[in-house]
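Computed from the coordinates by the stated procedures, all read-outs in this text should not be read as laboratory data. A quick note: this is a predicted structure, and the numbers were derived from the prediction, not measured. Virtual Cβ from ideal backbone geometry, glycine too; neighbours counted across all protein chains shown.
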Amino acid sequence: MGLFDKIKGEFIDIIEWTDSTQDTIVWRFPRHQNEIKNGAKLTVRESQVAVFVNEGQIADLFMPGMYELTTQNMPILTTLKGWKYGFNSPFKAEVYFVNTKQFTNLKWGTKNPFMLRDPEFGPLRIRAFGSYAMKVKDAKLFIKEIAGTDGEFTTDEITEQLRNIVITRFTDAVASSKIPVLDMASNYDEFSKFIHEKMNPEFNEIGIDMTKFLIENISLPPEVEEVLDKRTSMGIVGNLGAYAQFQAAQSMEAAANNPGGMAGAGVGMGMGFAMGNQMGNMFQQNQFNPQTGAMNQPGQNTPPPPPPVEQFYMAVNGQQQGPFPIASLQQMAVAGTFKQDTLVWKAGMAAWTAAGQLPELAVVFNAVPPPPPPPIA
């Protein structure tokens with residue numbers, strides 16, 4: 001190889017980047033001390049921006065297209081180099097390609113639960129996670145503020161910083177919204193839009209545009225979710241007394257099918273009835289109130305026992321019959337089988353007494369219609 005070929009091999013005449021990765025944001029063209037010759041071809045593909053840096057100072061920026069490098073399309077570099085009348089010799093400059101496509105499915109999530117005061121449950125610890133998308137909006141600003149002289153800057157080098165911004169703003173937005181935890185799922189879209197608008201200016205300060213922000217889940221601690229599931233189950237069951245009796249009936253059916261025979265079935269049925277009655281009484285006294293979210297205590301929201309019904313015995317042809325409630329005596333009076341001179345007795349009376357002499361039986365005979373009038377001749 002001659003001297004001329006050696007010198008020619010040190011000149012760069014084609015500058016381009018074909019990205020084979022999915023996470024590279026900035027890539028520096030490998031010049032390796034070689035010089036860029038006058039008229040070199042620069043190819044900038046779609047979703048790319050090329051930035052020329054001269055001695056650590058950002059110079060010209062090239063949008064997608066094919067360029068022949070001359071003083072006309074490198075005004076800043078021409079000024080920095082002092083090329084007043086054009087140039088014919090090679091020059092040294094660093095070329096950074098910035099990927100301006102969207103980087104999607106970038107994950108965010110709370111490492112630890114954060115506290116908030118829920119209007120329904122009180123103080124709570126919750127977690128959240130989701131994803132977002134971003135792209136470089138200002139290549140010069142991004143190189144200046146973030147990438148610097150990094151020859152291959154990937155998303156992994158900035159996602160941690162962006163994630164911290166996301167979590168901080170998200171936590172503040174959720175806590176200040178005062179929306180109950182149980183209603184947050186129906187407000188994911190509103191949260192996403194609000195947080196997107198709130199965080200994007202901070203992303204713009206480093207040359208990045210957040211194009212999408214999504215909330216995938218807001219969750220409670222496992223122990224709280226377990227209690228909430230129980231509360232939901234109790235609300236679905238409704239009348240726990242009826243449910244307990246239904247369970248007892250199923251137990252009796254299983255006992256009847258027991259190979260132990262009818263004796264085992266009888267024992268199972270007896271136990272089932274006893275347990276069903278006991279559990280029914282217990283649950284009727286301590287039923288879950290879905291409106292208040294608490295258990296009714298004994299004596300609350302339950303009516304008092306009804307008053308005892310007065311019952312009377314009556315003497316018919318020297319024989320004791322009864323006891324009969326007042327409603328039955330009233331029917332007998334209408335039928336004519338119970339009269340005012342009929343002897344009656346109830347608990348607490350000293351002796352048998354004619355029914356017409358007892359004030360509490362006056363209502364019985366008042367309901368008896370008088371005899372009909374004689375027919376008109």
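Placing a label point 7 Å from the Cα of F11 along the Cα-to-Cβ direction, the residues of the stretch 29-50 with a backbone N closer than 20 Å are 30-43. Using 14 Å as the cut-off for backbone N distance, which residues of the stretch 132-150 belong to the label zone defined by a point 7 Å from the Cα of K101 along Cα→Cβ? Output list for this probe position: 134-136. Ordering of 133-144, 156-167 by packing is 133-144, 156-167, highest average first (other Cβ atoms within 10 Å, averaged per residue). Quick one: which of K92/K144; K92/K135; K135/K178 span more than 25 angstrom between C-alpha atoms? Pairs exceeding 25 Å: K92/K135; K135/K178.
Within the stretch 311-366, the percentage of alpha carbon pairs spaced more than 12 angstrom apart rounds to 62%. Working from label points 7 Å from Cα in the Cα-to-Cβ sense, the S20 to A351 distance is 12.4 nm. Would you please classify the overall shape of the stretch 3-99 from the alpha carbon gyration tensor, given that a ≥ b ≥ c denote the square roots of the eigenvalues, rounded means a/c under 1.5, and beyond that prolate means a/b larger than b/c while oblate covers the rest? In terms of gyration-tensor shape, oblate.
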